[in-house]
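Since every read-out is calculated from the coordinates, none of them should be taken as a lab result. Being a predicted model, the structure only gives us computed values, none of them experimental. When we count neighbours, we look across all protein chains shown, and the Cβ atoms used for this are built from the backbone with ideal geometry, even at glycine.
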Amino acid sequence: MNASSEATQGSHRENGATPFALSARNVTKKFPGVVANKQVNFDVARGEVHTLLGENGAGKSTLASILSGLYRPDEGTVLRNGIEIRLTSPRSGLSHGIAMVHQHFRLVDRFTVAENVVLGSKGLTFVLQPKDIEAKVAEVCEKFGLPLDPRAVVGELSAGQRQRVEIIKALYHGAEVLLLDEPTALLAPPEVVKLFETVRAMTSAGKSVVFVSHKLGEVVDISDRITVMRDGKVTGSVKRGGANASRLAELMVGREITLAPRRGKSDSGEVLLSVSQVHLSHDQIKILSDVNIKVRGGEILGIAGVSGNGQRDLAEVISGLRQPNKGAVTVCGVPTSGLGARATRKAGLAYVPEDRLGTGLAPSLSMVDNLLLTRERGFLVDRKSALTEAEGFIEKLEIKTPGPLTSIRKLSGGNAQKVLLARELFSGDMSRVLVVCSPTRGLDVGAVEAVHTLLDEARKNGKAILLISEDLDEVMTLADRVIVLYRGKIVLEARGVSEDFEAVGRAMAGLSA
Amino acid sequence: MNSNVWILTFADAISIATTLILASLGAMITERSGVINLGVEGYLLMGAVTGFIVADSTGQLWLALVASIIVGAAMALVHATLTVTLRANQIVSGLAMVIFGTGLSQFIGKPVEGKTRPVIIDKMKFGTLSDLPLVGPIIFGHDPITYLTWLLALSISLYFHRTRPGLILRATGDAPATVDAQGVSVRRVRYLHTVVGGALMGLGGGWYMFARAAAWSQAATTNGIGWIALALVVFASWRPLRAIVGAVLFGFCLQVPFTLQGQQINILPPEIVSMFPYLMTLVVLVALSTPRARRLLGAPKMLGQPFVRDER
């Protein structure tokens, strides 16, 4: 790539050796109220996979965005092949051969693969030649062993395939350094394996890959080097072979954490939630077919699956927000299907939706008002008792908030989730069944720990809990039993023990018999 | 009944469709970029009155039409500034332009209110072709702008689906963040197409003045055609060639009441009959209001959404 045109003077050679493909030198980036990167140094060599590891909010995505030209650093410089470059936009990054694949794909669903790949390409003729474009795109696919039909419509592809489109797009535009932001977040385990193959194909072709991830377990195999970030700073860097999972975890969180499995005691409790033969379809598309579930008091039933396989719909059916086409839901012995959300709550069901701000809580209202929302009695609200209750929760659950009258919007994700869980678990009429969806999505490790403890306590208190989560680790560590949903069907039922991990992963990808 | 009358009604429908096509092409181009422009009626009125005033003082038809185009583009520039740069609500800005256009056209049109038009657009002469039965009046009985409009619909269709800027335009309406990440300015795409769209609406108003309306009258000149054009965009599912078919159909509905009146046929009160195009508009919009229908139609996904780059 022609890097010299925009490069400023001065060539930094690292001790006379071959310069790094891409480096950040003393990069600082501030956002209102937070320093996302503090004096960060980072390098990636040609043909290397260098992983940026860290928790949510550690500053890794910010650094990747600076390296790709999306953000501009407040201080510090970016070097390409040892020469300082000034990136003003993703486009200028691309002109230096740097491309970022975002966690949320930037694709036009209605366009074909080929159209998406060439969009914005300067080499296009005014009048498009679809055949030429398709042939060129197919060539790139073949070169890097990425099987894809250039004429396929992107909206109809799976997450893994869409990611491949993004990668092909980057390669088509001549990217030499690829920054992959949380590339495995939306993928089922077998798709992750394929992604890793692609990454290896790229590095053996001399490309550099920066792998941004918070999933410790999966990055160890793929990385040549791992750099760990915490609170906007680099806390350590290890080479292949030197990486030890617990050492990395320590670097990530600054203390040793144990994700020991938690289990309930027995499965002798009474069946509090039962879902039998539930079928649901929308626009003639089957969403759920013949789902049967029983959850006993004192147990957590985990539902695993890649998002979009009917989990959210199942939660909505159980909570009474949607009516199944066939089948019945029973909460604490009361048949609730068709009665609606309010009657279902009355029967003893608490619901923590995936969308905690919006569906779960009213973001502009205070904690007190949010607690009052689910109280049913009387015309006038009893603010006084709600205030006392809120203060109790703040103390007991260590919720960090300026006060119970501050609007929920101002709380961090973890604290908002604590408020929601507190309301659903302890407030008002004590419910006996809890349906909880992705309770720790986007939370930091400390908050995850707190939420897990809360769920574990609720289990000990004899509640029946249905835990729906895309985070397989979470399901496997918390649940007593695990069910895998694939295309709306239960494809696997397992004990929640780690030996089954692989089987569960395969089932999530629809590979089980 | 005389079949000739119906042929003439149909020819008239094709003629009246010109404004509908121009206005809906304008709205379509704008909406493809993700900007919704509900101000069509205001643009038509302003295009018409500006054209009239310029023609009245200069006697130059083509100069008048250019003035109509410019005023449409200028109004669209205001809309683009409000919605793209200042991120105002597009619906509110669009409706404001209707009220603004209605009021301003009444104000500046006051001196010429009721005056008959100084110039008209002549129909083109195709010699003996125009005298052919059926085909003559329907195909060869129109003015140059009508033919230009057909050509324009065809070119815009090719532009949307066969050219590089068209590809970027469609992507901007569907996924502006994607376009932005490719280094293309979403703002530029939206400004450009909103302004060109407004220019077409202005031309639609000007043409209507000189081809269909006998005199300038704020209350009666455009008669709600702008609103029908908006329904037509949806009916044509944002495709220019379908807009021609839809415009002729709507034009026919607009023309039928006059034909029936002329034939002294009074099956229904004329008030009811003249409601027909608007009823049809309502029916179309209701039929197309389900999410499923919208998905099948292919409305631009980010229509009406201001684009903000996600830098924190």
Give the long-range amide H neighbours of A:Val234: residues separated by 5 or more places, or on another chain, with amide H under 5 Å away, using H modelled in the peptide plane at 1.01 Å from N.
A:Asn41
What is the extension gain from A:Phe31 to A:Arg86, computed as 0.36 nm multiplied by their sequence separation minus the C-alpha to C-alpha distance, in nm to one decimal?
17.8 nm
Each residue of the range A:83-98 in order: what ³J(HN,Hα) in whole Hz does its phi give by Karplus 6.51 cos²θ - 1.76 cosθ + 1.60, θ = phi - 60°, with x for Gly and Pro?
10, 5, 10, 10, 9, 10, 6, x, 5, 5, x, 5, 5, 9, x, 10
Lysines whose Cα lies under 17 Å from that of A:Lys384, excluding same-chain neighbours fewer than 8 positions away
none
Which order do B:Trp62, B:Trp6 fall in if you start with the one that has the fewest other Cβ atoms within 10 Å?
B:Trp62, B:Trp6
Loop trypsin sites (Lys or Arg not before Pro), the range B:89-173, which have at most 14 other Cβ atoms in a 10 Å radius of their Cβ (DSSP)
B:Lys115, B:Lys125
If you take all C-alpha pairs in chain B, what percent of them are over 37 Å apart?
15
So which of A:Lys30/A:Lys60; A:Lys294/A:Lys418; A:Lys38/A:Lys418 end up more than 18 Å apart by C-alpha?
A:Lys294/A:Lys418; A:Lys38/A:Lys418
Any idea what diffusion coefficient the range B:102-224 gets from Stokes-Einstein, in µm²/s, Kirkwood Rh on alpha carbon pairs, 25 °C, 0.890 mPa s?
138
Please find the FRET efficiency linking A:Met430 to B:Gln106, where r is the Cβ-Cβ separation and R0 is fixed at 56 Å, and quote it to the nearest 0.05.
0.25
Quick one: length gained pulling B:Leu151 to B:Ile99 fully straight, 0.36 nm per residue minus the C-alpha distance?
15.6 nm
Helix axis angle, A:159-172 relative to chain A longest principal axis, alpha carbon, degrees:
20
Treating only Lys and Arg (+1) and Asp and Glu (-1) as charged, each at its beta carbon, one finds that the range A:22-253 has a dipole about its Cα centre, in Debye to the nearest 20, of 540
Long-range HN-HN contacts of A:Ala304 with modeled amide H, under 5 Å
A:Ile483, A:Val484, A:Leu485
Can you give me the Rg/Rh ratio for the range A:22-253, using Cα atoms for both radii and the Kirkwood formula for Rh?
0.97
Which peptide among A:197-205, A:61-69, A:19-27 comes first, and what is the full order, when sorted by highest mean count of other Cβ atoms within 10 Å?
A:61-69, A:19-27, A:197-205
How large is ³J(HN,Hα) for each residue in the range B:58-73, as worked out from phi by the Karplus curve 6.51 cos²θ - 1.76 cosθ + 1.60 (θ = phi - 60°), to whole Hz, x for Gly and Pro?
10, x, 9, 4, 5, 4, 4, 5, 4, 4, 4, 4, 5, 5, x, 5
For chain B, take the longest principal axis of its alpha carbons; what is the angle in degrees between that and the long axis of helix B:240-262, to the nearest 10 within 0 to 90?
30
Which far-off residues, 5 or more places away or on another chain, put their amide H under 5 Å from the one on B:Gly304, with H placed in the peptide plane?
B:Val35, B:Ile36
Let me check I've understood the local charge: for A:Val329, count other residues with C-beta under 12 angstrom from its C-beta, Lys and Arg +1, Asp and Glu -1. What total comes out?
+2
How far is helix A:189-204 tilted, in degrees, relative to the longest principal axis of the Cα atoms in chain A, given as a value from 0 to 90 rounded to the nearest 10?
10
List B:Met124, B:Met46, A:Met430 from most exposed to least, where exposure is judged by having the fewest other Cβ atoms within 10 Å.
A:Met430, B:Met124, B:Met46
With +1 on each Lys and Arg Cβ and -1 on each Asp and Glu Cβ, how big is the dipole of the range B:125-190 about its Cα centre, in debye rounded to the nearest 20?
340
Where does the protein assembly as shown land on Rg/Rh, using Cα atoms and the Kirkwood Rh?
1.04
Rg/Rh (Cα only; Kirkwood hydrodynamic radius) as it applies to the range A:356-430
0.92
Computed about the Cα centre, the charge dipole of the range A:356-430 from +1 Lys/Arg and -1 Asp/Glu charges at the Cβ has a magnitude in debye, to the nearest 20, of 240
Two-site label geometry, B:Leu297 and B:Arg87: point separation in nm, points 7 Å out along Cα→Cβ
2.8
Putting +1 on Lys and Arg Cβ atoms and -1 on Asp and Glu Cβ atoms, find which of A:Ala138, A:Leu171, A:Gly242 reaches farthest to the positive end of the dipole of the range A:137-253.
A:Gly242
Sticking with the crude label model, points 7 Å out along Cα→Cβ, report the distance from A:Leu405 to A:Glu197 in nm, one decimal please.
6.2
